[in-house]
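The values are calculated or read from the model by the stated rules, or taken from the named source; none is laboratory data. Please read all numbers here as calculations on a predicted model, not as lab measurements. Note: ideal-geometry Cβ built from the backbone for every residue, glycine included; neighbour counts use all protein chains shown.
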Amino acid sequence: MHHAFSPKAVILSCSLAFGSLFSPVSFAVEDCTLNGESVSMYNGATTAGKTGIIQCKDRETGKLSREREIKAGKIYGLSRQYRDGVLVLEFHDEENGQRHGLRREYASNGKLIKEETEDHGKRKGLQREWTTEGKLKKLEMIGNNEAESASIRWNADGSLNSLRCANKPILAPHVDDANLCGFKAKPSKLTYFNDNGQKRAAEMLLAGVVQESTQFDYNSGKVRSTSELKNNELTETNYGDNGNKRYQVVFNMAEKSRAFIRKTEFHENGSLIKEQKFTMLEQDGRRRNVLTEETQFYLNGQTSSQDRYRYDDKYPVLEVKSFSDKGKLIETASYMLESTYRRRAIGIHQGFFENGNLAHEYHYNAAGKIYRQKSWNEQGALLSDDEVFEDGSRKAYRK
């Protein structure tokens, strides 16, 4: 049996489904008063020109739900929010809506759990967090920039979870960051823990700067990474599950922003498989951090390829060497790097036999086209020496 199609029924069922998905569990109905008179914050006629504190209560329970300051008919200033009649949030905002001053959050037991200082809409100055039992768990001082900011966090058991230092002690009297951050002419050695009590990291700090650090895996507790700062060089190393090095980066910290000196990559068995070297280059009136050399290795330790970059022309020049797994030179080539994805062959490209003798030689013109091609046999005898034309045709230089 077929039923007649009813658009109205479809619309009704869709509306019910949509409503059940997106409607809140319950919306409390509020009654608001100002200076003893009934008002609505959604009806400007009831609040026009008035000043004071609007109080709103849950109609069903009679408990206070929120308070809002109004000044000459404009709603801004003090704002308080309540849950079951208990204060949970308090802050001040300006006429433009930006928060300014202290913002406080409270737990259901009335304990202060978070206090933030806001400066015209941005967090700045002292910031604190507590547990519901009233124990301090985070302290932060936000300055004008990262160098002028510091923070410290504790776990529930009081153990240290993290520390970030400024360029001078700024957390006193709440925390002795002069000692913790190594500002007293001697290094500070700290250990950080996860909430479960497991060691998370270890650091050595001097004058607010991390000199050495070790990060541990959350699950296994094994060393995951290390860093060491020495003579303005920062070395960061990552390790695999078996404890072998996997990646290492060395930065030059003497530059305005840290620059690469060297990158190395290791196989899971610990053998070196790639190394990149960098330098600083003055170009177009600015300093650039550029790649100068990249070497790749076979797992047997022999060099697989070696790329060198030159920057003495309009475009960088890449010189490539390829090797067999026995360490023998196989090919050499040069390219003009015109863009990230475009390179033009230049100069003479050569291929070699395992015995070191030349196998072939390609000569490229300024446009990147082959204009001469030579080939030899393994014993070194010349087999061909051709002039190559644009259409691909050839003419022998010698027979």
Report task. All but one of (1) surrounded by fewer than 16 Cβ atoms within 10 Å (Cβ to Cβ); (2) in a strand (DSSP E or B); (3) hydrophobic (A, V, I, L, M, F, W, C); (4) touching a residue at least 12 places away in the same chain (Cβ under 8 Å) hold for A366, so report the exception by its number. Result -> (2)
Requested in this report: Identify the residue in the stretch 143-159 that is under 28 Å from S108 (Cβ atoms) and outside any loop (DSSP other than H, G, I, E, B) and, among all such residues, is farthest from the chain's Cα centre (by Cα).
Outcome: W154
Query raised in the report: Which residues, counting only those in the stretch 117-151, are within 26 Å of H92 (Cα to Cα) and hydrophobic (A, V, I, L, M, F, W, C)?
Result: L126, W130, L136, L139, M141, I142, A150
Requested in this report: For residues that are without any contact (Cβ under 8 Å) to a residue 24 or more places away in the chain and surrounded by 17 or more Cβ atoms within 10 Å (Cβ to Cβ), scanning just the stretch 351-360, find the one that is nearest to D284 (Cα to Cα).
Outcome: G351
Report task. Return yes or no: is Y42 in contact (Cβ under 8 Å) with a residue 12 or more places away in the chain and among the aromatic types (F, W, Y)? Result -> no
Query raised in the report: From the list T340, T332, T264, which one is under 25 Å from the mean Cα position of the chain (by Cα) and in the same structural domain as Y362 (by TED's automatic domain parsing)?
Result: T340
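Modelled with pLDDT of 95 or more, β-branched (V, I, T) and in a loop (DSSP other than H, G, I, E, B): does that describe I170? So that I can check it myself, show each step before the final result.
Numbers: modelled with pLDDT of 95 or more: yes; β-branched (V, I, T): yes; in a loop (DSSP other than H, G, I, E, B): yes.
When the stated conditions are applied, I170 passes them.
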Requested in this report: Within the stretch 329-336, identify whether any single residue is closer than 20 Å to Q276 by Cβ and in a loop (DSSP other than H, G, I, E, B), and answer yes or no.
Outcome: no
Query raised in the report: Of the residues that make up the stretch 287-294, is at least one surrounded by fewer than 16 Cβ atoms within 10 Å (Cβ to Cβ), part of a strand (DSSP E or B), over 30 Å from the mean Cα position of the chain (by Cα) and outside the structural domain of N252 (by TED's automatic domain parsing)?
Result: no
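Output yes when any residue across the stretch 220-231 is basic (K, R), over 22 Å from L163 (Cβ atoms) and exposed (fewer than 13 other Cβ atoms within 10 Å of the Cβ), and no when none is. Before the answer, list the steps.
Here is the first cut: in the stretch 220-231, the residues basic (K, R) are 222, 224, 230.
Within this subset, residues satisfying the condition of being over 22 Å from L163 (Cβ atoms) are 222.
Subset that is exposed (fewer than 13 other Cβ atoms within 10 Å of the Cβ): 222.
Within the stretch 220-231, one or more residues are basic (K, R), over 22 Å from L163 (Cβ atoms) and exposed (fewer than 13 other Cβ atoms within 10 Å of the Cβ).
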Query raised in the report: Looking only at residues in the stretch 317-350 that are in contact with a Lys or Arg (Cβ under 8 Å, 6 or more places away or on another chain) and among the acidic types (D, E), which one is surrounded by the fewest Cβ atoms within 10 Å (Cβ to Cβ)?
Result: E338
Query raised in the report: What pairs come up if the first residue lies in the stretch 265-286 and is free of Cβ contacts under 8 Å to residues at least 40 places away in the same chain and surrounded by fewer than 16 Cβ atoms within 10 Å (Cβ to Cβ), the second is charged (D, E, K, R) and not in a strand (DSSP E or B), and their beta carbons are under 7 Å apart, counting only those six or more places apart or on different chains?
Result: M280/E255
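When you check D157 against the structure, is it closer than 25 Å to F216 by Cα, modelled with pLDDT of 95 or more and among the acidic types (D, E), yes or no?
On the way: closer than 25 Å to F216 by Cα: yes; modelled with pLDDT of 95 or more: no; among the acidic types (D, E): yes.
Considered against the rule, which asks whether it is closer than 25 Å to F216 by Cα, modelled with pLDDT of 95 or more and among the acidic types (D, E), D157 comes out as no.
Just to check your reading of the model, which residue among A150, A185 is under 17 Å from V209 (Cβ atoms), of a type in the set (A, V, I, L, M, F, W, C) and either surrounded by 16 or more Cβ atoms within 10 Å (Cβ to Cβ) or touching a residue at least 60 places away in the same chain (Cβ under 8 Å) (or both)?
Numbers: A185 fails: either surrounded by 16 or more Cβ atoms within 10 Å (Cβ to Cβ) or touching a residue at least 60 places away in the same chain (Cβ under 8 Å) (or both).
Exactly one residue qualifies, and that residue is A150.
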Query raised in the report: If we scan the stretch 343-350, do we find a residue that is over 15 Å from Y309 (Cβ atoms) and not in a strand (DSSP E or B)?
Result: no
Query - strands (runs of 3 or more DSSP E) completely within the stretch 49-116 that count 1 or more residues being closer than 21 Å to E129 by Cβ and modelled with pLDDT of 95 or more - result: 74-83, 86-93, 101-106
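Quick one: in the stretch 173-199, which of the residues that are in a loop (DSSP other than H, G, I, E, B) and in contact with a Pro (Cβ under 7 Å, 6 or more places away or on another chain) is nearest to D217 (Cα to Cα)? Can you show your working first?
Here is the first cut: in the stretch 173-199, the ones in a loop (DSSP other than H, G, I, E, B) are 173-176, 181-187, 194-198.
Okay, now just the ones that are also in contact with a Pro (Cβ under 7 Å, 6 or more places away or on another chain), so 181, 183.
On the way: C181: 24, F183: 29 Å.
Ranking the qualifying residues of the stretch 173-199, first place goes to C181.
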Query raised in the report: Which is touching a His at 6+ places or on another chain (Cβ under 8 Å) and either of a type in the set (D, E, K, R) or under 27 Å from S393 (Cβ atoms) (or both), of R372, R342?
Result: R372
Query raised in the report: What single numbered condition from (1) surrounded by 11 or more Cβ atoms within 10 Å (Cβ to Cβ); (2) at negative phi fails to hold for G380?
Result: (2)
